[in-house]
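The values are calculated or read from the model by the stated rules, or taken from the named source; none is laboratory data. Computed from a predicted model, the values in this text were never measured in an experiment. Cβ: placed from backbone, ideal geometry, glycine included. Neighbour counts: every protein chain shown.
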Amino acid sequence: MNLHLVQYFILFFTALVLILNAEKPNIIFVLADDLGWAELGCYGNTFNETPNLDKLAKQGVRFTHAYAAAPVCSPYRAALLTGQHPARMGILDYLRPNSSNALPVSQLTLPKILKRNGYKTGMVGKWHLTGYKYQDAQFEVRPKDHGFDWNIGSEIKGVGNGANFWPYIFRTQPIRWLDIPNNRMGKEEYLTDRLNLEAVDFIERNKRKPFFLYLSHYAPHTILNGRPDLVSKYREKHKPGKPSRTNCYLCNDNGLSGENCEYWAQDHNPHLAAMLESIDNGIGLLSKKLDELGLSKNTIFIFSSDNGGETNVTSNAPLRGGKSQLYEGGIRVPLIVRWPDGNIPRAQTCAQPVVNHDFYPTLLEAAEIKPDPKQKLDGVSILANWRNPSSTVSRKSLHWHYPLDRPHFLGGISSGAIRDGDWKLIEYFDPKKFEKFELFNLKSDPSEKINLAGSKPGIVQKLYLDLQDWREKIGALIPSRPLLTQTRNLLFGEHFSEGQVSKNWFFQKEWQVEDGVLLRNQVGGKNKRVFYKKPNFQDSLIRFNFQFNGATDIRFVTGSNSSYKTVLHIQKDHFFYSNRSGQRRNMVSYKTWRMCL
């Protein structure tokens, strides 16, 4: 009798768990790479063909003022998974292949908290939140380190080489740049098609559980390389525009040169259109699978892009600029959200400004999951806005922080920005730029053609003070000079992320790593020194960020075996250095130093 009771209660609680899980919405997030705001048919494009995305928009809400947290990919992806502004976590630009600045494993990412609450989590495709061991990065952090149960199709070396066909090997390089171990679609297997297939299979395997699927496409990132049959279709539809480059390895390999290098056509680009159609086909396959399994009504389906389109291969008109820039063309992105069965309306357009770190709190609220107070969130839930697109978002302003050591090869300049209502201010950090501020009214001038900074000094001052206050609050740093000149020559970088600190550092209990900072704590002791052991470089530029926090003298020293050869003394109003013999040299005030720069 007792055994039957035990079996009964086991069955009862199992059924209860299944019922509770069934009520949680499935989540599919499809992210395109470098897809501009104006590329989809439902956003007015007449050359590209996106019938499945257009249908998705008719079944849900299409956003016209959705923003990326940064104008390049890695910061967007970090913000998406953490709910934090990129400036808070220190991932401010795309991560180079040898970067040590991987997404900290201490972050309670969206897949981690969803998994904790009964979700199966899967990721397909581009990660780009780590450096790669293959290219000498100190740390390599993978999707499974951040809560994904299953992952395939992510890169193991630098991205963007155009090797989009099986076996995914870039010309003469010795390895595949992806972790795809086998061929499933024949000798002409195309990367976007393969990622779509893996995503559909994930849904099939997890149809009886709430799931979170993150399908992160590499398309249409340059170097563009579409499926030949689709490229031919668009080439015949309209002659490719003038190319921004007249020479590249794909052009050379395919016998193209000069004005015929269609891979870099700046308008009517057949490769971009073909790659976008492959993404769109995947939207159709995912929607069909949801319908077949009866999951459509209980699935939140989101489509967006990580930043604006690259102006070498497209135009984001009527928006100004593109990828790497803080003009609207670089940060405004397409966004479509569908959640049927009365959860959000059909065929609606929302003009409220939203940003991608809003997804974290919004999806948690949709799944009735309380955020963990240990995870600081900069995003706000916009679920009420999804349900009523005309409602306002409970946030005063949006901010961007994009400090660069040198102008980006795509045209980006070190800068920050704030949008408050219809007003947008861009502040340039580069002292060589003639204008420090640009001010635009996005309602009357969505193309940002008229700089009102000179005629509206009061608005500039107000927005600038708000931007400064935000930077101070969030801990956003502007690079000090001298600036790095070639990040590809980076020999060592330390970002003091919890769980990812180089073994070459030596510091005792008086120091601790906290929120990306090596912090002198309150533990008693006289040892205030921090050592980097066995450095292996010469004639290098060394840069570090510091705060005094009560100290009066910070010293940067070189030497070995307890013998210091050079000591740089940094004090609050000046600095100087002394050599091995104790001679003191070159006392320079910070004011004089800044004037020299």
Practice prompt. Select from the stretch 443-465 the residues that are more than 26 Å from Val354 (Cβ to Cβ) and not in a loop (DSSP other than H, G, I, E, B) and list them in ascending order.
Written response: Pro457, Gly458, Gln461
Discussion item. Quick check on the stretch 415-428. Is at least one of its residues β-branched (Val, Ile, Thr), over 16 Å from Ile478 (Cβ atoms), outside any loop (DSSP other than H, G, I, E, B) and not assigned by TED's automatic domain parsing to the domain that holds Trp264?
Written reply: no
Response to the item:
Residue hits (the stretch 248-265; surrounded by fewer than 17 Cβ atoms within 10 Å (Cβ to Cβ) and either at pLDDT 95 or above or in contact with a Gly (Cβ under 8 Å, 6 or more places away or on another chain) (or both)) are Tyr249
Worksheet item: Does Lys526 satisfy being modelled with pLDDT under 80 and loosely packed, with under 12 Cβ neighbours inside 10 Å?
Response: yes
Fill in: Residues (touching a residue at least 24 places away in the same chain (Cβ under 8 Å), in a loop (DSSP other than H, G, I, E, B) and touching an Asp or Glu at 6+ places or on another chain (Cβ under 8 Å)) located in the stretch 429-442
Leu442
Discussion item. Let me confirm something: among Asp54, Asp93, which residue is surrounded by fewer than 24 Cβ atoms within 10 Å (Cβ to Cβ), assigned by TED's automatic domain parsing to the domain that holds Gly131, at negative phi and at pLDDT below 95?
Written reply: Asp93
Worksheet item: Taking the condition under 24 Å from Leu224 (Cβ atoms) and not in a helix (DSSP H, G or I), does Asn183 pass?
Response: yes
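Listed here are the residues, each with its yes/no results for (1) buried (at least 17 other Cβ atoms within 10 Å of the Cβ); (2) of a type outside the set (Asp, Glu); (3) within 27 Å of the chain's Cα centre (by Cα).
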| residue | (1), (2), (3) |
| --- | --- |
| Ile203 | yes, yes, yes |
| Pro210 | yes, yes, yes |
| Tyr234 | yes, yes, no |
| Thr246 | no, yes, no |
Practice prompt. Sort out which residues of the stretch 343-359 are in contact with a Lys or Arg (Cβ under 8 Å, 6 or more places away or on another chain) and part of a strand (DSSP E or B), and write them in order of number.
Written response: Gln348, Thr349, Cys350
Discussion item. Tell me yes or no: at least one residue of the stretch 165-186 is in contact with a His (Cβ under 9 Å, 6 or more places away or on another chain) and under 30 Å from Tyr119 (Cβ atoms).
Written reply: no
Practice prompt. Please find, among Leu215, Leu230, the residue that is touching a residue at least 40 places away in the same chain (Cβ under 8 Å), in the same structural domain as Leu80 (by TED's automatic domain parsing) and part of a helix (DSSP H, G or I).
Written response: Leu230
Item to complete: Could you please let me know if Lys237 is among the basic types (Lys, Arg), farther than 19 Å from Asp34 by Cα and in contact (Cβ under 8 Å) with a residue 24 or more places away in the chain?
Response: yes
Item to complete: Might you check whether a residue that is surrounded by fewer than 21 Cβ atoms within 10 Å (Cβ to Cβ), part of a helix (DSSP H, G or I), at pLDDT 95 or above and not hydrophobic (A, V, I, L, M, F, W, C) occurs anywhere in the stretch 370-386?
Response: no
